[in-house]
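This report refers to the structure that appears directly beneath it.
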Amino acid sequence: MATVVRGVILVGHGGIPKGCPQELITILKRLEAQRRAAKMPPSLEELELDTKIRQWPRTPESDPYQSGLEAVAAQLRANLGEVLFAVAYNEFCAPTLEESVEDLIKKGATHITVTTTMFTPGGSHSEIEIPEILAHLRPQHPGVELRYAWPFDLQLVANTLAEQVKRFA
């Protein structure tokens, strides 16, 4: 019987760090829109620009989103026990979901569960992009179970929000 090594990846949206030139973001978004409209793979220019933005130097001050997601990740990791753990970002920040999956597989993960901080239906990242990425990765790693822990139970989300509101009432 094969050993099961569990991994978890928390996916956040990703933020644009202070100091990153807005024109880089504008060009990247234009290239992404053109690619999607043409239903083509990313161009070399788009890939290079995406990497440049994702690798932009960050601190908690220049990218409070990344710092906040890392804090949530630390709490989540502490609640999960013995699992391999990684963080990933949909855009603007590294690592990508693909990179985090590959990293956990290299570390021996055989069962990876992906979850996101994007709780509500209707978002393109949570409803379309993450499932597409996982569908693309599954054939490349047939010995690895890749699961997506989504959609969220909206009653549980509402309960969490109600507790938050009560803390400030």
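The values are calculated or read from the model by the stated rules, or taken from the named source; none is laboratory data. Just so you know, these numbers come straight off a predicted model, no measurement behind them. Cβ: placed from backbone, ideal geometry, glycine included. Neighbour counts: every protein chain shown.
Does any residue of the stretch 114-135 turn out to be in contact (Cβ under 8 Å) with a residue 60 or more places away in the chain, closer than 16 Å to Glu99 by Cα and not hydrophobic (A, V, I, L, M, F, W, C)?
yes
Would you point out the residue of the stretch 140-169, among those that are part of a helix (DSSP H, G or I) and in contact (Cβ under 8 Å) with a residue 24 or more places away in the chain, that is surrounded by the most Cβ atoms within 10 Å (Cβ to Cβ)?
Applying the filter and picking the extreme gives Val157.
Ile27 fails exactly one of the following numbered conditions: (1) under 16 Å from Ile133 (Cα atoms); (2) not assigned by TED's automatic domain parsing to the domain that holds Pro142. What is the number of that condition?
Among (1) under 16 Å from Ile133 (Cα atoms); (2) not assigned by TED's automatic domain parsing to the domain that holds Pro142, Ile27 violates only (1).
In this structure, does Ile16 turn out to be free of Cβ contacts under 8 Å to residues at least 60 places away in the same chain, among the hydrophobic types (A, V, I, L, M, F, W, C) and more than 30 Å from Ala109 (Cα to Cα)?
No: the conditions fail for Ile16.
Got a number for residues in the stretch 69-112 being under 14 Å from His141 (Cβ atoms) and in contact (Cβ under 8 Å) with a residue 12 or more places away in the chain?
Here the count works out to 13.
Restricting the stretch 93-120 to residues that are farther than 25 Å from Ile53 by Cβ and aliphatic (A, V, I, L, M), which is nearest to the chain's Cα centre (by Cα)?
Ile112
May I ask you to say which residue of Glu32, Glu70 is of a type in the set (Asp, Glu) and in the same structural domain as Ile105 (by TED's automatic domain parsing)?
Glu70
Would you be able to say whether some residue in the stretch 22-35 is without any contact (Cβ under 8 Å) to a residue 24 or more places away in the chain, over 21 Å from Pro95 (Cβ atoms) and among the small types (Gly, Ala, Ser)?
yes
Enumerate the helices (runs of 4 or more DSSP H) found wholly within the stretch 1-84, keeping only those where 3 or more residues are within 18 Å of the chain's Cα centre (by Cα) and at pLDDT 95 or above.
44-54, 64-80
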